[in-house]
1. When residues of the range 179-231 are filtered for being surrounded by fewer than 13 Cβ atoms within 10 Å (Cβ to Cβ) and in a helix (DSSP H, G or I), how many remain?
2. Select from the range 317-351 the residues that are open to solvent by 20 Å² or more (accessible area, probe 1.4 Å) and among the polar types (S, T, N, Q) and write down the one among them that is nearest to residue 283 (Cα to Cα).
3. Is it the case that some residue within the range 248-266 is in contact (Cβ under 8 Å) with a residue 12 or more places away in the chain and either open to solvent by 50 Å² or more (accessible area, probe 1.4 Å) or out of contact with any Leu (no Cβ under 9 Å at 6 or more places or on another chain) (or both)?
4. Name the residues in the range 412-426 that are free of Cβ contacts under 8 Å to residues at least 60 places away in the same chain, farther than 20 Å from residue 335 by Cα and among the small types (Gly, Ala, Ser), would you?
5. For residue 126, state whether it is in a strand (DSSP E or B), modelled with pLDDT of 85 or more, more than 29 Å from residue 154 (Cα to Cα) and not acidic (Asp, Glu).
6. Could you list, in sequence order, all residues of the range 102-123 that are open to solvent by 40 Å² or more (accessible area, probe 1.4 Å), out of contact with any helix residue (DSSP H, G or I) (no Cβ under 7 Å at 6 or more places or on another chain) and either assigned to a strand (DSSP E or B) or at pLDDT 70 or above (or both)?
7. I'm trying to understand the selection: among the residues of the range 357-374, which are among the hydroxyl-bearing types (Ser, Thr, Tyr) and either under 43 Å from the mean Cα position of the chain (by Cα) or modelled with pLDDT of 90 or more (or both)?
8. Do the conditions hold for residue 377, that is, is it small (Gly, Ala, Ser) and at pLDDT below 90?
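The values are calculated or read from the model by the stated rules, or taken from the named source; none is laboratory data. Source: prediction; values computed, not measured. Because the Cβ atoms are built from the backbone with ideal geometry, glycine has one as well, and the counts that use them run over all protein chains shown. In case anyone asks, the SASA skips ligands and DNA or RNA and just uses the protein heavy atoms, side chains included. Shrake-Rupley method; radii C 1.70, N 1.55, O 1.52, S 1.80 Å.
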Amino acid sequence: MKLKLSLKLWIALSFLILGITIVTGYSMLSIHFFFRGMDSIISANMENAAEDYLSGIKEGKANPGNVDNYTVTQTWEAQTEQIKTYFKEPKRFGELHKQRKQAEPGKRPYLMYFLIKLRVEGQTYFVSRAFTRADASPLVGQNARQSRQLIISLSMGITLLLALVTWLLMKRLSQPVSKLTKWTHELRPETLKQSPPDFAYPELNEMAELIKGSLSSVNESMEREQKFLRFTSHELRTPISVIRNNVELMHKIQQKQSSALPDKQQEIFERIERASLTMQNLCETLLWLNRDETDSLVKQHFRLDELIDNLVDELRYLLKSKPVTIQVETQECELHESSVAARIIIGNLIRNAFQHTWNGHVSIQQHGAQISIRNHSTQADKGNSSEDQGFGLGLQLTEQLCRKLQWQYQNQVNSDGHTVTLSIIPAHSAERE
């Protein structure tokens, strides 16, 4: 799994890594120049020893080859055996050669051998020296320790200062960004009309204006769509009521006259009746879907099993002249919820199952507050579609209604149909149980 870091953490880590790299680099450079300085001092002392050696020869002093513990010779063969063992004959003038050796195996090295090849007054000299800790001045060790402590102290101080500056910088930058994030999360349709606050930086202010403009545009589009659906649903209720009343009137006239319409007219009449019922149910669904508050729904006690049986009887006309069998299994269950919402949602589910099953089987099972509806279609009807309905509209509206009511809803698409599960219990109530 790839680790994702926040932008603030990325910037902080980048600053710290860069700072630590610079501090480490300068610390190593300081140590390097410290040892270079020590080598320069030793080289200068060895050059002075060669000059003293030359002066001793001119003055005729005895044993001029040993000058202040420096071995000075005019030939390589005259050097000590240790020096010739540890070094090869130098080729370049003025280049200091060093070797660090252990006095005893397994112990820290404390013997240092130095060798340099010099040219003094036109003559070649080899100068060597073996140093032990006893030979070194106490000031050398003290200066080395002080220099080391100074480098460490400076490195730690600069690192801490860099960390503090990075923290202050991130705090300075993150506060407006956090403020923008909080403001974005708290945006509501009623707050979009207000001007965004000042976020200290022009870039963040411009981003806030863009966010506000985008959300305002989306909110205006949603409001227009909701108004259109609301107005359309209300306006359609009147002509639908007229159609339904005339259909009922036609039924009563037929019953009084005890006469049936011709088959062709009866088929047309039934189509009108089915279409009017579907339009009426869709209008009710759209009106409920566009309600701003679901808490205002009136809750009452009702029998869920009786509601399902009534809906199945009301919607049986959708299976007329279809080779479709129905299996309904219910058990007594009384709920305290909105019976109107339950009737709309369950009616949509049963209607969708009946309408889109042309040859097969529909199973409706109810156990407690949970309802399962499954339609099984044979291979022969997969190419058929309803002639007066849009496929899947009922399921889409049902899903949105369940989301608003916080009822648990699942729709599983099978190879031969759909399996829909509905639980008329809000999700938060199910979690408490």
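1. 21
2. This residue is 339.
3. yes
4. 415
5. Taking the combined requirement at face value, the residue satisfies it.
6. 112, 119, 122, 123
7. 363, 372
8. yes
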